[in-house]
Every structure is written in C-alpha cells, then in structure tokens.
Amino acid sequence: MHILVAGGAGYIGSCCSEYLLDRGHQVTVFDALLNGHREAVDPRANFIEGNLADLEIIHQAIRDSRPDGIIHFAAFIEVGESMQDPLKYFRNNVSNALNLCQAACDNQVRKIVFSSTAAVYGMPEHIPISESEPTFPINPYGEAKLMFEKILRWQHDLRGLQYTALRYFNAAGASQKYGEDHHPETHLIPLIMQAAEGKREQISIFGDDYDTPDGTCIRDYIHVLDLAQAHLLALENEFCGSLNLGSGQGHSVNAVIDMVKKVTEKDFRVEVKARRPGDPARLIADSSAARDILGWKPQFDNLESIVRSAWAWRQRHPDGYIS
Ligand code: UDP
C-alpha cells in the first residue's frame with residue numbers, strides 16, 4: 001500500500017511510518033513541523049511539509065501521491081493547554097482535520113485511520129473500559145477527538161468513507177530509531193527519565209490519595225510499536241468504528257517510578273504534590289475488540305520492556321532531536 005501519514009514527524013507518527021516502511025509499504029509523511037521533528041521523518045518516506053489548515057496543500061498532496069489509505073496523527077496533544085486555549089484545539093484538531101477528510105473524500109481515498117484517545121471517556125464508571133462505555137470528555141482535547149470521530153462516522157454513513165478511530169491509552173516506549181521528544185514534556189515516563197538523567201531535580205507525583213492500592217493514579221501503558229501494528233491492521237481491515245488500544249494492565253505512578261529506577265539504575269528525588277485536575281484514578285483498557293476484530297497481538301506485554309525501549313532510545317539521543 002501507499003499510505004499518507006499526516007503528523008508523521010511526531011512521536012507515534014514517526015514510529016508508525018517506520019513500521020509501515022519496514023513491512024514494504026510506501027509512505028508519504030505530511031507534517032507542518034510545528035511540534036514534529038524533521039529528523040523523525042524516516043529517510044525512506046516521501047516528505048511534504050504542509051499544514052492541514054491549508055486545504056489546497058493537502059488536496060495537492062493527496063492528488064499527487066494517490067494514497068490507498070491515510071493515517072491521521074496530526075494534532076495538538078496537551079490536555080492542560082486545551083483547557084487554557086480551547087479554540088486552538090478545536091481549530092486544529094477539528095477544523096483543520098476537516099480539510100484532510102475533505103481532500104480524502106474528493107480523491108476517493110479508501111480509508112482513514114484516526115489517532116483518537118482514551119480521553120473521550122472522561123471519568124469512566126467501569127474498569128476496564130470497553131468501547132460501549134459512555135463518552136463524556138472533560139477537556140477540549142478529548143472533546144475535539146470525539147468530535148472528529150463523529151465527523152468520520154457521518155462521512156462513512158453518508159459518503160462511504162471507511163474509517164477506524166483508534167483510542168489510545170498511554171502511549172510509551174520507542175523503536176530503535178524514533179522516540180518521544182516533546183517540548184514541553186508533560187508525560188510521565190519521559191519526565192521520570194529526565195529526573196534519572198539529572199535534567200530535572202525531581203519527579204512530582206500528582207496526588208497519592210486516590211482510591212488505588214498505593215494511592216497514586218493507575219494508567220495503561222501501551223508500546224508505540226504495538227500501536228503501529230494496530231494502525232496497519234486497521235488499514236487492511238474493513239471494520240469501521242472506534243477501538244480501544246491498551247495493554248489491559250494498570251500500573252500506578254509509583255510503580256512506573258520504581259520501574260524507571262530499576263531499568264536506569266539511577267536514583268532521584270520523588271516528591272508528592274497535589275492532584276492534577278481532571279485525572280481519573282484508573283484508566284485501563286478493554287482492548288478485546290481490537291484483538292478480535294483486527295487480530296491485534298501486542299508484542300510488548302510488560303512495563304519493563306516498554307521502559308527499557310524508551311531508555312535505550314534516550315541513551316542514543318541524549319538531547320532528543322536536534323531540529
Ligand atoms: N503524572 C505525575 N507526575 C508527572 C506527570 C504525570 O504524577 O509529572 C501522573 C498523572 O497524574 C497521571 C499519570 O502520571 O496519573 C500519567 O500521566 P500522563 O500525563 O503521562 O498521561 P495521561 O494519563 O494524563 O494521558
């Protein structure tokens with residue numbers, strides 16, 4: 001297949017592009033390089049620098065490359081920022097994404113695989129969370145992702161566009177070549193690693209009074225290459241709708257800190273701070289639908305292998321990407 005990867009210079013997009021290329025597919029990366037990195041574009045991919053805000057550029061990119069499918073990763077990802085500047089999120093993650101959808105439909109692209117999120121569930125009542133859990137996002141980031149899922153569903157129902165929305169839980173880990181380098185960094189595992197590297201004085205735990213065995217929040221960490229596998233399977237599959245992607249295992253913030261200490265063999269200061277607003281105590285995926293429908297078989301089934309891959313990448317890229 002020839003696949004256009006929007007947002008292919010970002011963390012998950014770069015790992016997914018590499019995964020597709022390694023399996024003999026052709027990839028065109030479309031990225032504005034606002035948050036992505038030029039170095040994270042696999043040299044085997046075609047690269048088009050462009051912003052989804054510009055309908056003509058994305059139209060031309062699709063007209064010229066004639067992809068069999070599109071994977072859409074290009075979005076802003078900071079929940080906290082979305083609370084400060086909601087319109088920034090609705091503009092980019094919904095309005096600009098409409099241009100991609102329009103260009104795909106105008107050029108008869110068969111399928112879009114969309115990078116969605118567990119944030120569509122808000123504060124879920126049932127754990128593990130299945131796709132039948134009600135969706136009540138509690139921040140503009142999650143709301144914008146859910147809005148775009150609904151837009152894709154209408155395009156499917158009314159215009160025959162095929163789509164799969166993949167709701168990731170906590171993406172983590174790295175491939176041999178590509179890893180996580182966000183500015184600013186807000187995610188737990190890279191922040192703990194910065195503490196291990198001495199680049200930050202300490203790691204803060206946001207609350208230790210949750211209703212969990214050790215009082216810290218529990219999350220479901222899923223390896224980025226397992227996410228990549230699911231994207232390819234979704235492109236190859238006829239299924240249209242939304243699917244959760246997680247490991248099904250929960251790890252507390254304390255457990256993740258202990259694992260980073262074990263893997264890095266470094267010690268660092270840990271401080272307990274106030275809860276971060278909007279954090280549910282537990283988020284664990286029921287991904288049985290992705291396994292059953294797509295035949296998805298995650299390869300990294302434990303936290304240690306995820307943390308080891310992230311640490312190995314950081315050691316090869318001590319300053320992250322240069323560009
Ligand atoms: N967290 C923390 N300290 C930090 C960053 C995150 O205790 O410096 C916690 C956060 O409250 C959540 C978990 O780690 O319970 C994972 O947070 P992250 O931002 O990585 O992902 P999220 O689950 O919010 O998508």
Applied in sequence order to the stretch 310-322, the curve 6.51 cos²θ - 1.76 cosθ + 1.60 (Karplus, θ = phi - 60°) yields integer Hz couplings, x standing for Gly and Pro, of 5, 5, 4, 5, 5, 5, 7, 10, x, 10, x, 7, 6
For the chain, dividing by residue count, accessible area per residue (probe 1.4 Å) in Å² works out to 43 Å²
Fully extended contour minus Cα-Cα distance, from L98 to L55, at 0.36 nm per residue: 14.6 nm
Which lysines, on any chain, are close to K145 with Cα under 19 Å apart, when same-chain ones fewer than 8 places away are left out? K88, K111
Given the Cα-Cα distance of E265 and E201 and 0.36 nm per residue of separation, how much length would full extension add, in nm? 21.4 nm
Using modelled backbone amide H atoms (1.01 Å from N, in-plane), which distant-in-sequence or interchain residues come within less than 5 Å of A171's amide H? I222
From the gyration tensor of the Cα coordinates in the stretch 262-313, what semi-axes in whole Å does the equivalent ellipsoid have, largest first, with each one equal to sqrt(5λ)? 29, 21, 7
What whole number of Å gives the distance from the Cα centroid of the stretch 201-232 to the Cα centroid of the stretch 68-117? 24 Å
Which residues' amide hydrogens lie under 5 Å from the amide hydrogen of Y163, considering only partners 5 or more residues apart or on another chain, with H built in the peptide plane? I112, G241
Sum -39500 (n - 2.57) across every DSSP H segment of at least 4 residues in the chain, then divide by the residue count to get the 222 nm mean residue ellipticity, nearest 500. -10500 deg cm²/dmol
Express in nm, to one decimal, how much length is gained between N46 and S305 on full extension, taking 0.36 nm for each residue of separation and deducting their alpha carbon distance. 90.1 nm
What is the magnitude of the charge dipole of the chain about its Cα centre, with +1 placed on the Cβ of each Lys and Arg, -1 on the Cβ of each Asp and Glu, and no other charges, expressed in debye to the nearest 20? 360 debye
Sketch the reach of a paramagnetic label on E185 as a point 7 Å from Cα along Cα-to-Cβ, and name the residues of the stretch 30-66 whose backbone nitrogen lies under 20 Å away. 34-41
Just by accessible area at a 1.4 angstrom probe, what is the order of D68, D181 from largest to smallest? D68, D181
What part of the accessible area of the stretch 267-318, given as a whole %, is carbon or sulfur when the probe is 1.4 angstrom? 49 percent
Solvent-accessible surface ranking, highest first, for E133, E197 at 1.4 angstrom: E197, E133
Here the relative contact order (percent) of the chain, from C-alpha pairs under 8 Å and at least 6 apart, is 19 percent
Could you run the Debye sum over the Cα atoms of the chain, one equal point scatterer each and no solvent, and tell me log10 of I(q)/I(0) at q = 0.06, 0.12 Å⁻¹, two decimals? -0.19, -0.79
Suppose R0 equals 56 Å; then what is the FRET efficiency for D319 and Q26 from their Cβ-Cβ distance, rounded to the nearest 0.05? 0.95
Accessible surface of the stretch 66-110 [probe 1.4 Å, protein heavy atoms]: carbon and sulfur percent: 51 percent
To check you understand DSSP bridge types, tell me what percent of the beta bridges within the stretch 185-323 (both residues inside) are antiparallel, rounded to 5. 25 percent
Modelled label-to-label distance, D64 and K297, 7 Å Cα→beta-carbon offset: nm? 4.0 nm
Give me the distance in nm between label points sitting 7 Å out from Cα along the Cα-to-Cβ direction at D106 and R153, one decimal. 2.7 nm
Given Cβ point charges of +1 (Lys, Arg) and -1 (Asp, Glu) and nothing else, what value in debye, to the nearest 20, does the dipole of the stretch 1-102 about its Cα centre take? 200 debye
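The values are calculated or read from the model by the stated rules, or taken from the named source; none is laboratory data. All values reported here derive from a predicted model rather than from experimental measurement. We place every Cβ from the backbone using ideal geometry, glycine too, and count neighbours over all the protein chains shown. Heads up: the accessible areas ignore ligands, DNA and RNA and are worked out on the full protein's heavy atoms, side chains in. Shrake-Rupley method; radii C 1.70, N 1.55, O 1.52, S 1.80 Å.
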